[in-house]
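The values are calculated or read from the model by the stated rules, or taken from the named source; none is laboratory data. Keep in mind the model is a prediction, meaning the values are calculated, not measured. Heads up, the Cβs are rebuilt from the backbone with ideal geometry, glycines too, and the neighbour counts pull from every protein chain shown. Calculation scope for accessible area: heavy atoms of the full protein, side chains included, ligands and nucleic acids excluded. Shrake-Rupley method; radii C 1.70, N 1.55, O 1.52, S 1.80 Å.
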Amino acid sequence: MITSDSLLEGAKEVARKLRDHGFESYFAGGCVRDLLLGQEPKDYDIVTDATPDQVTALFKRTFEVGAAFGVVRVLWSKGREYEVATYRTEALYTDGRRPDVVAYSKSKEEDVTRRDFTINALLMEPVSGEILDFVGGRADLAAQILRAVGDPEERFKEDKLRMLRAVRFSARLGFAIEPRTRAAVAKHAAEIGVVSVERIVMELHALFLTERPGQGWRDLVELGLAIGIFKTFGFEPPGEITAARLDRIPRELSPEARLSIAWAVILDGAELDLEELLRSLKLSREMIRSTMNLLRRAEALASPERLRLADRVRIAIDPELPVYLAYLSALDHAGAIARWHQEFEALARDPLPPLPLIGGADLKALGIPQGPRYKELLKAVETETLERRIRTKEEAIELVRSLIA
Ligand code: ATP
Ligand code: MG
């Protein structure tokens, strides 16, 4: 197990090695922000004036991750890897997402000013912990403000993905988006469509998993990003109801389950081919399956009293039940949740026999010719078992005999 201390120690060692060879090196970006906030960085990015070739020559095990961007991944020891990026400047964004030209630079100041937000543009002296702040990031951290580096409009025109990043960091940290930065997002929100759907969905997923998904969703709707993202699908997502529901998704579930529930609450009530929409968003097959499963069951889950007993028991013994209940929490159906709890208590008092009582081989032994009848008969046996009218194999066979007679 790599502890957070040893991850930090390794980062210092990598930085020190660069310095011992006459290069500059600093911690940069997210890790500095997180350290100053007293949060644990999930990784350390190191910046240097050494070129990628010089970095590669210095360390035993390296591989180039973003060769075009001058990023070298250094494998320092088992489980400890660091991205070492050469200072760079970026110029000429013509596709609204990526710079056309990336040039290495000898200046850390230049490297910092190409970064998106002031709180993401701080450098830290790896050994002394001294902060180098060229953009006012420390003051913004203290004041809890998310502010674009430089002219916000220019920055969002260059790279439209930054608009979603603004909303995500604001939701994650609980920081206000600085008014000019916010106005610039609102002004350019309609252009979000130039970003690939995969990148948009990655950002949305990260946003849904922050501490404040509801705040993030409100911002997406208010700033016009939600309509910019979904209008090509003919879908205008609602604001407030969805925001409140996203905030009620229980945190203790797996990220995958939380994301399926998020999509189900966002799409609730949309008059569209929902499966088609989920496919257009290029969600994984598993996420599409589980989201559609929730949407299809929404009515049954919300009104268990309208189901026959066997159908209630089928849901109560479904391995996905915790996800169903979390979905009901998000929808604020406390009554239905209480009703489902009664259903498990009933099951605990009067347990089911091991299922299934009989299978195809038993039907064959009874001399029934193979065919679609099998499925019907087995389903009938299952229903009677779930409703506790039969409990043994013998009773099941008796039932089949009476059904085919
Ligand atoms: P997280 O904890 O979510 O990874 P992070 O700040 O590390 O947060 P990354 O996406 O890993 O974010 O990016 C690392 C750093 O690179 C950022 O802190 C920022 O300085 C810079 N950066 C990343 N994406 C962009 C972008 N689209 N435009 C400008 N700078 C960016
Ligand atoms: Mg990061």
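In nanometres, what is the gap between the two model label sites at ARG296 and ASP53, each 7 Å from Cα along Cα-to-Cβ?
Once both label points are built, they end up 5.9 nm from each other.
Note the angle between two axes, namely the Cα long axis of helix 285-302 and the longest principal axis of the Cα atoms of the chain, as a number of degrees from 0 to 90, rounded to the nearest 10.
Compared with the principal axis, the helix lies near 50 degrees.
Want the number for ALA405 to SER6: 0.36 nm per residue separation, take away the alpha-carbon distance, what's left?
So the chain would gain 136.3 nm between ALA405 and SER6.
If you count only protein heavy atoms with a 1.4 Å probe, what accessible area per residue comes out for the chain, rounded to a whole Å²?
Value for the chain: 48 Å² per residue.
How tilted is helix 373-386 with respect to the longest principal axis of the chain? Cα atoms for both, answer in degrees (0 to 90, nearest 10).
90 degrees
Under a straight-distance cross-link criterion of Cα-Cα below 17 Å, which aspartates and glutamates are reachable from LYS78, leaving out those fewer than 8 residues away in the same chain?
ASP5, GLU9, GLU13, ASP43
Quick one: compute a quarter of the convex hull surface over the Cα atoms of the chain and quote it in nm².
For the chain, the mean projected area of the Cα convex hull comes to 26.0 nm².
Which whole-angstrom value gives the distance between the alpha carbon centres of region 369-384 and region 90-140?
Rounded to whole Å, the Cα centres lie 67 Å apart.
Just report the Cα centroid separation between region 187-247 and region 52-78, whole Å.
After rounding, the separation between the Cα centres reads 36 Å.
So for region 65-184, Kirkwood radius off the Cα pairs, Stokes-Einstein at 25 °C and 0.890 mPa s: how many µm² s⁻¹?
Reported coefficient: 158 µm²/s.
Cross-link list LYS187/LYS282; LYS12/LYS108; LYS42/LYS282; LYS106/LYS160; LYS12/LYS42; LYS187/LYS231: which exceed 23 angstrom alpha carbon to alpha carbon?
Where the Cα-Cα span goes over 23 Å, the pairs concerned are LYS187/LYS282; LYS42/LYS282; LYS106/LYS160.
Please identify which residues in region 62-105 have an amide N closer than 13 Å to a label point set 7 Å out from the Cα of SER196, following the Cα→Cβ vector.
Under 13 Å, as judged by backbone N against the label point of SER196, lie 97-98 of region 62-105.
For region 1-136, what does the convex hull of the Cα positions come to per residue, in cubic angstrom?
111 Å³
Leaving ligands, DNA and RNA out of it, report the carbon-plus-sulfur percent of the accessible area of region 126-221 at a 1.4 Å probe.
That fraction is 52 percent.
If you roll a 1.4 angstrom probe over the protein chains with everything in place, what fraction of the accessible area of region 283-405 belongs to carbon and sulfur, to the nearest %?
55 percent
How many percent of the accessible area of region 2-80 is carbon or sulfur, using a 1.4 Å probe?
50 percent
Report the normalised scattering of region 328-391 as log10 I(q)/I(0) at q = 0.14 Å⁻¹, calculated by the Debye formula with identical scatterers on the alpha carbons.
Per q value, in the given order, log10 I(q)/I(0) is -0.59.
What angle, in degrees between 0 and 90 and rounded to the nearest 10, separates the Cα long axis of helix 321-330 from the longest principal axis of the Cα atoms of the chain?
On a 0 to 90 degree scale, this one is about 60.
Provide Rg and Dmax in Å for region 281-367, with only Cα atoms included in the calculation.
16.2, 51
Give the lysines whose C-alpha is closer than 29 Å to that of LYS364, dropping any in the same chain fewer than 8 places away, or say none.
Candidates past the 8-residue exclusion: LYS375, LYS379, LYS393.
Suppose each label sits 7 Å from its Cα in the direction of the beta carbon; what would the GLU276-ALA143 distance come out to in nanometres?
4.9 nm
Can you tell me how much longer the chain between THR94 and GLU256 gets when fully stretched, taken as 0.36 nm per residue apart minus their C-alpha distance, in nm with one decimal?
54.8 nm
So what is the relative contact order of the chain, in percent, for Cα pairs below 8 Å that sit 6 or more residues apart?
Over the chain, the number comes to 9 percent.
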